[in-house]
Amino acid sequence: MKTFYLSAITVCMVSTLQAQSYTIQDLEAQFLQKNYLLIANKLNIDKADAEIVQEKLWNNPTLSISEVNLWKTYQIEEQPYLFGKYGKNQQVSVELEQLIETAGKRKKRVAIKQLEKNNALFDYEELLRELKKELRQSFYTLSRINQEENQLQNMLNLFTQMSNQYERQSKLQNVSKADFYRIQTELLGLQKESVLLENEKIDGLNKLRLLTQNSELNIDQLQFETSIKSQNQLPFDLKNSAKNQNIGLKKQENELNLAKNQLILEKAQRTPDLTFQLNYDRGGNIMRDFVGVGVSVDLPIFNTNKGNIKAAKISIEQQLANQNAYQLELDQSIDRLQNQLKKLEETLNFWSLEKEQEQNLMIDNYKKHLQNKHITLMEFIDFTQAYREAQQAYLELQETYKHTYEELQYIVGKDF
């Protein structure tokens, strides 16, 4: 009885796994939770936080102990013991130094580290959007492959049936062997297409499996959508949206701020730092126990940091030029992708479901005409080839439209 229950549970679990299906939203959820590239890249943000904490810390003080004589020195003025019976004839000097940075250098370096953290955040967001775009485009490619496979399978079934019929009829000498060989040649071409399509499907599935870390993912589990988003649904002010959302533009702006803050820091470096000193000298001079304070400072005579300041100014000019070039390229890319979407949608609108159904009926009618010898075999094959090419062209246009739509969303930095 236990064996029966265990078998039933196993069958139910297997059935559940087989029945599991994934939409594009489900795949994106898996991708966000499990993708190792995202997890590794996100650690850069934590590393940047740690560097900010480190930069906020003060420099450690320096303790120096010197002038200690390890032997007994005679003909000196006797001194009190340091500890126990030691120190009556010994000299020692102790000095404590602390560097104090001036002109707010530490705060300025912390501000630079904050901007470097922003770069890490932008890198993560850019990787996220890039991988999400790749996931969606792979999904749409598999959708096209799935539809193309179904149509190809119909053709394979048709020509396999015709091949068997022509083989029998050629043996009975009712049709010529040339017609039989022509059918076989066409069937072989379709089988070759099927193999190539299968390889393309495996490549697409491997991409999805890698992105979602789901090694058991199969094309039968995917829920494809045949509808497409119209380019009329796009926001009117795409360029303005891109100015606020595009990751590359944000990174470029951050690089400019980094260059500006670096210039501020380099100017602050002109101001010398101070080193405060506290020292104790035992037996080193006319005072038996001397305690004194002091301060040291570099004199900015030969080095006023002019070279680094000039380099920082040049860096700002470079970043401004890069920002303007990137903005121009971004605007041109948006215009190009919008024009592509418009032309693709206009082309796709010429194709309708009714036309596809009409062509399917025409194949059945052509087959009947072939059987009634109203058309030749070559005319029938020419029509099926033209039909196949039209179907492939339509599916490829759909795929290109969806890929272009995703490319536009990626460039703008926002899902529509």
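The values are calculated or read from the model by the stated rules, or taken from the named source; none is laboratory data. Everything numeric in this text was worked out from a predicted model, so none of it was measured. Cβ placement follows ideal geometry from the backbone for every residue including glycine, while neighbour counts extend to all protein chains displayed. The area values use the complete protein model at the heavy-atom level, side chains included, leaving out ligands, DNA and RNA. Shrake-Rupley method; radii C 1.70, N 1.55, O 1.52, S 1.80 Å.
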Show me the chymotrypsin sites (Phe, Trp or Tyr not before Pro) within region 38-86 that DSSP assigns to loop and that have at most 16 other Cβ atoms within 10 Å of their Cβ. W58, W71, Y74, Y81
With Cα coordinates, the longest principal axis of the chain makes an angle with the long axis of helix 306-349, in degrees rounded to 10, of 20
Starting from the Cα of V295, move 7 Å in the Cα-to-Cβ direction to define the label point; list residues of region 254-280 whose amide nitrogen is under 12 Å from there. 273-277
What is the set of long-range amide H partners of L222 at a cut-off below 5 Å, with H atoms built 1.01 Å from backbone N? Y22
Under a straight-distance cross-link criterion of Cα-Cα below 24 Å, which lysines are reachable from K310, leaving out those fewer than 8 residues away in the same chain? K105, K107, K108, K113, K251, K260, K267
Picking from K132, K107, K207, which is most flexible by a Gaussian network model of the chain using Cα springs under 10 Å? K107
Simple label model, 7 Å out from Cα along Cβ direction - Q151 to F350, nm: 1.5
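Between E77 and D273, how high is the FRET efficiency from 1/(1 + (r/R0)^6) when r is the Cβ-Cβ distance and R₀ = 45 Å? Nearest 0.05.
Working: r = 39 Å, r/R0 = 0.87.
E(calc), rounded to 0.05, equals 0.70.
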How high is the relative contact order of region 153-217, in percent, counting Cα pairs under 8 Å that sit 6 or more residues apart? 27
Residue by residue through region 253-262, what is 3J(HN,Hα) from phi via Karplus (6.51 cos²θ - 1.76 cosθ + 1.60, θ = phi - 60°)? Round to whole Hz and write x for glycine and proline. 5, 5, 5, 5, 5, 4, 4, 5, 5, 5
Can you give the accessible area of T347 in Å² (nearest 10), computed on protein heavy atoms with a 1.4 Å probe? 70
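From Cα pairs below 8 angstrom and at least 6 apart in sequence, can you work out the relative contact order of the chain, rounded to a whole percent? Kindly include the intermediate steps, with their values, before the conclusion.
On the way: 408 pairs, mean separation 95.2, N = 416.
Relative contact order comes out at 23 percent.
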Going residue by residue through region 170-175, the Karplus relation 6.51 cos²θ - 1.76 cosθ + 1.60 with θ = phi - 60° gives ³J(HN,Hα) values, rounded to whole Hz and with x marking Gly or Pro, of 5, 5, 7, 6, 8, 10
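Considering only DSSP beta bridges with both partners in the chain, what is the antiparallel share in %, to the nearest 5? It would help to have the intermediate numbers written out before the result.
On the way: 24 of 25 bridges.
If we restrict to bridges inside the chain, about 95 percent are antiparallel.
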What residues have an amide H closer than 5 Å to that of I100, excluding those fewer than 5 places away on the same chain, when H is modeled at 1.01 Å from N in the peptide plane? L274, T275, F276
Using modelled amide H (1.01 Å from N, peptide plane; none on Pro or chain starts), what sits under 5 Å from the amide H of G413, excluding residues fewer than 5 places away? none
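Rank I45, I334 by accessible area, highest first, at a 1.4 Å probe radius? Present the calculation step by step, with values, prior to reporting the outcome.
Numbers: I45 20, I334 0 Å².
Largest accessible area first, the list is I45, I334.
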Name the lysines eligible as straight-distance cross-link partners of K34: C-alpha to C-alpha under 18 Å, and not fewer than 8 places from it in the same chain. K42, K132, K133, K207
Once phi is turned into θ = phi - 60°, what whole-Hz ³J(HN,Hα) does the Karplus curve with 6.51, -1.76 and 1.60 give for every residue of region 152-161, x standing for Gly and Pro? 5, 5, 4, 5, 4, 4, 4, 6, 5, 4
Output for region 315-413: chymotrypsin sites (Phe, Trp or Tyr not before Pro) sitting in coil per DSSP, at most 14 other Cβ within 10 Å, listed by number, reads F350
For D26 paired with Y181, estimate the spin-label separation in nm (one decimal), with each label point 7 Å from Cα along the Cα-to-Cβ line. 5.1
In nanometres, what is the gap between the two model label sites at E200 and K107, each 7 Å from Cα along Cα-to-Cβ? 6.2
